[in-house]
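Below is one structure, written out as structure tokens, with a few remarks after it.
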Amino acid sequence: MKLIIKCMEHNPKVSVIIPVYNSADYLKETLLSVINQTLRDIEIIVINDGSTDKSEEIIEFYQKGDSRIKYWFQPNQGQSIARNAGLDNARGDFVYFMDSDDLLEQDALGICYNKCISEDLDFVFFDADVFSASNAQIGWEYIRAGKITEEMASGEVAMEKLLNTNLFRVAPWLFFIKRAFIENFKLRFYPGIIHEDELFTTQMFLLAQRVEYISKVFFHRRVRQNSTMTTRFSAKNVEGYLTVIRELRLFADRIDNHKKIIVEREIYLITNSLVYQSHILSVKERRLIIQELKKLKCLGHADFKSLIVMSFPFTVKIKPKLKKFLLNFTNIMHLNWRNKS
């Protein structure tokens, strides 16, 4: 592992951890959005996860001009291991996970830091908007302002409220976290899989005693082709989802009964996402998924709609037509009822 560090004399207020993999086209903007934060007392930990483009040149250029930047290079091992490497070397009082192709509002870290310090919080969470770098489809919603209130609560209460309103989001860049809290519970990202955020974030919420929501958009998510979020569903997704379900079940064995119920609600969501999206896989692969879900005793979490789509993939293609038919049918029936009245 190549290590280039310019040391600071004291522990900074915030460690910003940025895994980088072949994002040279966007990396300059990302680094500048962190470098130019109004909160200056930060360290910027950049983990180059085996990039083969010009990412390293960009990182080294900005490191020369900013002693707060600490740079690691490692062979490509995935985002989880890169983030964990950042955590292992972080010295800040708080931690923020930044992605290498996105943007952060200039006052984000300062506002989050002051909120956490003034109210002694384990973490705060906030909103993000989404923009497309090309013709990538935008299908995610991260704005919750006006739908939930800004008030301190336990992570358990906050997660339940978010689940009740269908607003629970797991992306690490939505959270500003006390490092002592992370280390106290030895929280790390599960290595070698995707969807690891589902596990990390669920554990984080259910272990936290004091959390709060800030109803501001601090993060700008760039959606681009061939990113993790836009890559076609595959066996890697299946492996990730099944691993997360297994690990959540193990985690549930160590927590109280009410928290177990919340974990099962998250497993319900993961199971349905897995079952529904698997319709593009082969019949053999779908059968294997069913077998694994039976072993994990969570096939019963799959709702009728997801099972139908998984069993009969053609229903996805006719869904828009069926929806239009049902809407027209409903309108006709309503019109006939009004005429008879």
Requested in this report: Identify, from the list 293, 299, the residue that is surrounded by 15 or more Cβ atoms within 10 Å (Cβ to Cβ) and under 24 Å from residue 164 (Cα atoms).
Outcome: 299
Query raised in the report: Just one of the numbered conditions (1) touching a residue at least 60 places away in the same chain (Cβ under 8 Å); (2) in a helix (DSSP H, G or I); (3) open to solvent by 30 Å² or more (accessible area, probe 1.4 Å); (4) out of contact with any strand residue (DSSP E or B) (no Cβ under 6 Å at 6 or more places or on another chain) is not true of residue 115; which one?
Result: (4)
Query raised in the report: Hey, any hits in segment 267-280 for a residue that's open to solvent by 20 Å² or more (accessible area, probe 1.4 Å), part of a helix (DSSP H, G or I), over 25 Å from residue 162 (Cβ atoms) and in contact (Cβ under 8 Å) with a residue 12 or more places away in the chain?
Result: yes
Report summary line: Residue count, segment 192-231, condition modelled with pLDDT under 95, under 16 Å from residue 98 (Cα atoms) and β-branched (Val, Ile, Thr), comes to 2
Query raised in the report: Does residue 155 satisfy being out of contact with any Cys (no Cβ under 7 Å at 6 or more places or on another chain) and at pLDDT below 95?
Result: no
**Report entry** Filter result for the condition that a residue is out of contact with any Pro (no Cβ under 7 Å at 6 or more places or on another chain), open to solvent by 10 Å² or more (accessible area, probe 1.4 Å) and within 23 Å of residue 263 (Cβ to Cβ), over 220, 195
**Finding:** 195
Report summary line: Per the list (1) open to solvent by less than 10 Å² (accessible area, probe 1.4 Å); (2) under 15 Å from the mean Cα position of the chain (by Cα), residue check on residue 87 breaks on (2)
Query raised in the report: Taking strands (runs of 3 or more DSSP E) that fall entirely within segment 29-99, which contain at least 2 residues that are in contact with a Pro (Cβ under 6 Å, 6 or more places away or on another chain) and either more than 12 Å from residue 15 (Cα to Cα) or of a type in the set (Ser, Thr, Tyr) (or both)?
Result: 42-49
Report task. Considering every residue within segment 123-144, establish whether at least one is under 26 Å from residue 71 (Cα atoms) and crowded, with 17+ Cβ neighbours inside 10 Å. Result -> yes
Query raised in the report: Can residue 100 be described as surrounded by 19 or more Cβ atoms within 10 Å (Cβ to Cβ) and out of contact with any strand residue (DSSP E or B) (no Cβ under 7 Å at 6 or more places or on another chain)?
Result: no
Report task. Kindly indicate which of 55, 80, 67 is open to solvent by 10 Å² or more (accessible area, probe 1.4 Å) and at negative phi. Result -> 67
Requested in this report: Assess whether residue 208 counts as being small (Gly, Ala, Ser), in contact (Cβ under 8 Å) with a residue 24 or more places away in the chain and open to solvent by 10 Å² or more (accessible area, probe 1.4 Å).
Outcome: no
Report task. Determine whether residue 235 is of a type in the set (A, V, I, L, M), at pLDDT below 95, closer than 30 Å to residue 25 by Cα and surrounded by fewer than 21 Cβ atoms within 10 Å (Cβ to Cβ). Result -> yes
Report task. Specify which of the listed residues (157, 217, 130, 211) is within 14 Å of the chain's Cα centre (by Cα) and of a type in the set (Val, Ile, Thr). Result -> 130
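The values are calculated or read from the model by the stated rules, or taken from the named source; none is laboratory data. Everything quoted here is computed from the prediction, not taken from an experiment. Please note: Cβ atoms are built from the backbone with ideal geometry, for glycine as well, and neighbour counts cover all protein chains shown. Remember, those area values only see protein heavy atoms, side chains included, never the ligands or the DNA or RNA. Shrake-Rupley method; radii C 1.70, N 1.55, O 1.52, S 1.80 Å.
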